[in-house]
Each structure stands twice: as structure tokens, then as C-alpha cells.
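What follows is calculated from the coordinates using simple rules that are stated; it is not laboratory data. Quantities reported herein were computed from a predicted structural model and do not represent experimental measurements. Cβ placement follows ideal geometry from the backbone for every residue including glycine, while neighbour counts extend to all protein chains displayed.
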Amino acid sequence: MRRLTRSCIPLACLGVFALAPGCRKSKPGGVPPVQVDIAININNPAYADLAVTGGWLYLTGGSQGILVYRAGPSEFTALDRHCPYQSENLCRVAVDSSQVIARDSGCCGSAFLITDGSVVQGPAALNLKRYATSFNGSILRIYNN
């Protein structure tokens, strides 16, 4: 019986090593890191959509563009438009007719709230990447934390 036990140990170890690659965590998804530091004067007519609470617009920058939403008199949300689901596909969200949902209609159909970037419809499990903002009454700055 002792001999049988010793011969089973190497087989058990071999089985563990054979299954180990299947147990590895998949590489994290999400948006690739890019440097962001943008300042805009919201009094400029080009940014008129941000003049009122609930307004939004697209800016160039980030990985696939930035969606800026005005949440209050001095509160803004800046989200990267790069869909975090299978991010290697470089899919971009766009605000749909509801004016509160940004949807990736070109790749996976995931949907996100423009107020905070949270997922409202999958398959995406990660929220849209959010950038920090600061506002001094006329200049909105969007930047990496």
C-alpha cells in the first residue's frame, strides 16, 4: 500500500501543474492609460452645450475621446468614450436618443449612464473610465488623477 501512495503523489502533482494555466486570472480589461490635461472655457460658444446643468458634449482627448456632462452649477463628469469591454477592439460609446445613456452600438451593445459612467447594460462589467475635473466658474479642467 505504501508503494501505491508514493507513486500517486507525482501523478497528483502532474495533474495540478497541467490544470494551473486554466486557473490564471485573465489580464485586466479596461481603457489603456493615456495622459489627459485639458482646459476649456465654457463661456466659449463652442462649448455652449455645457452652459446648463444636464448638458453634455464630446471633446478630443483620452483614448477614444471624452464625454463631458454637466451635473450641476459647478460639477462636471468627464468620461473616456472607450468602451471597457474587450478594449482591444477600440470601440467608442455615443450618447443615444435618451440623452442619458452612452451606448457602444458598434461592438458589444453595452450601455452606461453619462452622469457617472456606470454600466446599465452588459456585457461590459467595468464602468467607463472617469477623469478628474475642476471648475473655477469659467474654466473647466479635465485631467488624470
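Taking label points 7 Å from Cα along the Cα-to-Cβ direction, residue 34 and residue 52 give a separation of 3.0 nm.
Could you work out the relative contact order of segment 37-143? I mean the mean sequence separation of Cα pairs under 8 Å and 6+ apart, divided by the number of residues, in percent. Computed value for segment 37-143: 25 percent relative contact order.
Using the crude model of +1 on Lys and Arg Cβ and -1 on Asp and Glu Cβ, and no other charge, please compute the dipole size for segment 72-111 relative to its Cα centre, in debye to 20. Don't skip to the answer; put the middle values down first.
Details: 3 positive and 5 negative charges, 18 e Å.
About 80 debye.
Across segment 91-100, computed HN-Hα scalar couplings (Karplus, 6.51 cos²θ - 1.76 cosθ + 1.60, θ = phi - 60°) run 7, 10, 8, 9, 5, 8, 5, 6, 6, 10 Hz from first to last residue, x flagging Gly and Pro. Note that segment 37-143, at 25 °C in a medium of 0.890 mPa s, gets a Stokes-Einstein diffusion coefficient of 179 µm²/s from its Kirkwood radius over C-alpha pairs. Residues of segment 34-64 falling in the label zone of residue 115, defined by backbone nitrogen less than 20 Å from a point 7 Å along Cα to beta-carbon, are 50-58.
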